[in-house]
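Notes follow the structure.
Every read-out reported here was derived from the displayed coordinates using simple, explicitly stated rules and does not represent laboratory data. The structure displayed is predicted, hence computed values, not measured ones. FYI the Cβ positions are ideal-geometry reconstructions off the backbone, even for glycines, and counts take in every protein chain you see.
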Amino acid sequence: ILPGVRMSLDAMHAGTAGLPRVAVPRGSAGSIRVRCPLAGTTREAMRRGAVFSLGAAVQRFLNETGARRLVVTGGAASLLAGVQDPGRVVFVPGLALRGLALRLRDTGVLDDAAFQVAANHPALRAPV
């Protein structure tokens, strides 16, 4: 578990005098390419730094573990798919909710009909 882009940007704003509050970059997987953390403005440097540092941590994890693929979820995790080699980082929205629904079904808390209702929730519709 790593701090996300939002937490990194908030920490820079709260913990450093004079740095502005900066919005998280919007977009879906592959929509942002951050190959270099350098930028022309403070706000853009903060955004790129937050995304680049998280991407670098993910790349180091992949290199040191030898993993061929990493599944990411939550917050702005879709941005990570855009800063890594295609196919190495896979964004799965609602992963925690998917796991919870499966666990509730497997333990009998949800019957098949209730599980189907949960599985059709918009947060769980994206393909795995």
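Quick notes on this structure:
- Taking 0.36 nm per residue of separation and subtracting the Cα-Cα distance, full extension of the segment from D112 to I1 would add 36.8 nm.
- With both labels modelled 7 Å from their Cα along Cα-to-Cβ, the L97 to D10 distance reads 2.0 nm.
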